[in-house]
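Engineer: Here it is, the structure, as structure tokens.
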Amino acid sequence: EWHTIACGISKVLFRVELVQGKDFPKEKPDPEFNSLGKTVGLLLRLTRSIELAKKGVFASALIKKRRYWPKFIPGDAIKTHCSAFEVGHADALGGTLDGIEFDVFTMREPDYTMMLMSTYGTTTR
């Protein structure tokens, strides 16, 4: 499995990162920026090398509960917020972490709520 960041228009792949799960060697240090949380660390690593945000390219990552929700993501509260919505309803919840604005986009599915954390924002504020 891979984490990637690419331009959906030009199809240019900017960065690829191998997902390392339980097989990750204990001797190897944590990836850079993971002290800020795995999702935030991933987004910072994927966008860092070519300063994508300054060029208008941003990142998005799927939010999933493994054992716990990613740090700073109130997943259960978001699921409760979306549980009353009809299937297909979408919502955006904004936040700021370390001075970086982000949004959590949600969409109600028949048996779950899909959540994406992004730094690209919305068309309206």
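Engineer: Compute the signed sum of charges (Lys and Arg +1, Asp and Glu -1) over the other residues within less than 13 Å, Cβ to Cβ, of Lys38.
Structural biologist: Net of charged neighbours comes to +3.
Engineer: Give the angle, between 0 and 90 degrees and rounded to the nearest 10, that separates the Cα long axis of helix 38-48 from the longest principal axis of the Cα atoms of the chain.
Structural biologist: Tilt relative to the chain: about 60 degrees.
Engineer: Mean separation of Cα pairs under 8 Å and 6+ residues apart, divided by the residue count of the chain: what relative contact order is that in percent?
Structural biologist: Values: 163 pairs, mean separation 22.2, N = 125.
About 18 percent, as a whole number.
Engineer: For the chain, what does the accessible surface come to per residue with a 1.4 Å probe? Please give it in Å².
Structural biologist: Per-residue value: 71 Å².
Engineer: Over the chain, what percent of the accessible surface lies on carbon and sulfur atoms, probe 1.4 Å?
Structural biologist: Carbon plus sulfur share of accessible area: 56 percent.
Engineer: Given the DSSP H assignment, sum -39500 (n - 2.57) over each helix run of at least 4 residues in the chain and divide by its residue total; what's the result at 222 nm in deg cm²/dmol, nearest 500?
Structural biologist: Estimated from H runs of four or more residues: -4500 deg cm²/dmol.
Engineer: What full-extension length gain, to one decimal in nm, is calculated for Asp111 and Asp30 as 0.36 nm per residue of separation minus the Cα-Cα distance?
Structural biologist: Fully extending the segment from Asp111 to Asp30 adds 25.8 nm.
Engineer: Also: Of the cross-linked pairs Lys38/Lys79; Lys26/Lys79; Lys28/Lys79; Lys22/Lys64, which ones have a Cα-Cα span greater than 28 Å in the structure shown? Kindly include the intermediate steps, with their values, before the conclusion.
Structural biologist: Working: Lys38/Lys79 20 Å; Lys26/Lys79 33 Å; Lys28/Lys79 35 Å; Lys22/Lys64 16 Å.
Checking Cα-Cα distances, Lys26/Lys79; Lys28/Lys79 exceed 28 Å.
The values are calculated or read from the model by the stated rules, or taken from the named source; none is laboratory data. Note that this is a predicted model, so its numbers are computed, not measured. Glycine also receives a Cβ, built like all others from the backbone with ideal geometry; neighbour counts cover every protein chain displayed. Surface areas here come from the heavy atoms of the whole protein model, side chains and all, with no ligands, DNA or RNA. Shrake-Rupley method; radii C 1.70, N 1.55, O 1.52, S 1.80 Å.
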